[in-house]
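Taking it in order: structure first as structure tokens, then the write-up.
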């Protein structure tokens, strides 16, 4: 198990292959909201809501990993080897991002809100995380009724892709999602509950449409949106 994440305002993630495994890779996170690709520059220095379009987008606060409805959440990126043979080396490949898990999420204080995930590369650009180039965001809606059992139904969680500006996309959904309130946390192995749940996004379980090289991911962002409609 890798060590606990530092401040989301700290430097870039070192992702040397020597430290990789098929397990979880912790990354630095900036928690906040942005409608353009300069997310790393919108530092989480205050807790507030601003209205953009029809939703109130909530910011986290300070140096802790936080969103407005929960003061401490964590993220773990899971990787697996993806074969990509070249003309000169049949063993070529890379570690692809298989999962992104948001852990220690309080479903009671965050109920009814939309939860969004983005990934950022080293040039501060949003990485496409879906089956179409415009898919920059994965979103679910946290149930209004606090769940008492694990939910693996993407339709009931309203799993969808969004553009970087937050517009819904129609097309093939390569991703899937698990919302877990029982078992143990992917992040640190502690027991899961409704006040300390895991939301695990699978970017593409088939590894046929979405294969993001883990070396390219420098930051991940988590957002809540208070817009139930």
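The values are calculated or read from the model by the stated rules, or taken from the named source; none is laboratory data. Every value quoted in this text rests on a predicted model; they were computed, and no experiment measured them. For neighbour counting, all protein chains shown are included, and Cβ atoms are generated from backbone atoms with ideal geometry for every residue, glycine included.
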Can you find a residue in the range 140-153 that is assigned to a strand (DSSP E or B) and closer than 16 Å to residue 78 by Cα?
-> no
Filtering the range 120-139 down to residues that are closer than 17 Å to residue 77 by Cβ and touching a helix residue (DSSP H, G or I) at 6+ places or on another chain (Cβ under 8 Å) yields 120, 121, 122, 126, 127
All but one of (1) at pLDDT 95 or above; (2) within 19 Å of residue 67 (Cβ to Cβ) hold for residue 204, so report the exception by its number.
-> (2)
Subset tally (residues that are crowded, with 20+ Cβ neighbours inside 10 Å and either on the phi > 0 side of the Ramachandran plot or assigned to a loop (DSSP other than H, G, I, E, B) (or both)) for the range 165-180 = 3
Restricting attention to the range 87-108, and to residues there that are in a loop (DSSP other than H, G, I, E, B) and free of Cβ contacts under 8 Å to residues at least 60 places away in the same chain, which single residue is farthest from residue 208 (Cα to Cα)?
-> 88
For residues that are part of a strand (DSSP E or B) and in contact (Cβ under 8 Å) with a residue 40 or more places away in the chain, tally how many sit in the range 190-229.
-> 16
